[in-house]
Amino acid sequence: MYELFFKKIAERITLTPGQQDIIKQYLIPKKIRKNQYLLQEGDVAKHAAFVEKGSLRAYSVDDRGTEHIIQFAFEGWTISDLYSFLTGEPATYNVDALEDSELVLISKAAQDEILKQVPEYEIYTRLQVTGAYLAMQKRLTSMLSLSLEERYINLTKLYPNLIQRVPQRMIASYMGLTPETLSRVRRKIKDK
């Protein structure tokens, strides 16, 4: 069950088999079905989830009922309401499955214990958080400085399987657009 999890760690740090065994003690395998919530706004994010198989999304819903997707997570990615996970405060995001999914969960207490017992894991965690911050910064810069067409083209280049696995209305939400505006953007790109 933890094959991809440890493969992703091995891309960044080297763990001994003994260190992997220590980490495995704290991991929780979980399967969730399409549309099932992993986290709901207002609950505390007790776990971060690594996606072994499937896909999830994190999003908020405004007062008008409009969804605002902030993240997708596919195989090899991690997802949670990070603020809630780290602080223990109520989540501001929902996290649910876009497909039947297999996850590896880790609680905050388990993560803290792993960090004590396997110091190398701190390097991996730091690299993960740094990578997430850089991706967020790049996305924000893109939203502020690129045209809609350029943003869509960049998104499809960066995440080519996104278009096949995620409904257009969710891609529009992620880009901060209505589905109709995204349709116009796609048509304009196609016509070029």
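Just grab the label-to-label distance for residue 165 and residue 188, each label 7 Å out from Cα along the Cβ direction, in nm (one decimal).
Going by the 7 Å Cα→Cβ label model, 2.8 nm.
Could you compute Rg(Cα) / (2.2 N^0.38 Å) for the chain, with N its residue count?
1.10
Calculate, for segment 110-190, the solvent-accessible area per residue in square angstrom, rolling a 1.4 angstrom probe over the heavy atoms of the protein chains.
63 Å²
Given a 1.4 angstrom probe, I'd like the percentage of the accessible area of the chain that is carbon and sulfur, rounded to a whole number.
About 53 percent, which is the carbon plus sulfur part of the accessible surface.
Evaluate the Kirkwood expression for the hydrodynamic radius of segment 111-192, namely the inverse of the mean inverse distance over all pairs of different C-alpha atoms, and round to one decimal in Å.
Taking the inverse mean of 1/r over all distinct Cα pairs, segment 111-192 comes out at 14.9 Å.
Leaving ligands, DNA and RNA out of it, work out the accessible area of residue 2 with a 1.4 Å probe and give it in Å² to the nearest 10.
40 Å²
Taking the highest mean first, how do the peptides 159-166, 182-189 order by number of other beta carbon atoms within 10 angstrom per residue?
So the peptides 159-166, 182-189, ranked by packing, come out 182-189, 159-166.
Nearest 20 debye, what's the magnitude of the dipole of the chain about its Cα centre given +1 on Lys and Arg Cβ and -1 on Asp and Glu Cβ?
800 debye
The values are calculated or read from the model by the stated rules, or taken from the named source; none is laboratory data. Note that the structure is predicted; figures quoted are calculated from it, not measured. Methodologically, a virtual Cβ is constructed for each residue, glycine included, from the backbone with ideal geometry; neighbour enumeration extends over all protein chains shown. For the accessible areas, the whole protein counts, side chains as well, though only heavy atoms, and no ligand, DNA or RNA atoms are used. Shrake-Rupley method; radii C 1.70, N 1.55, O 1.52, S 1.80 Å.
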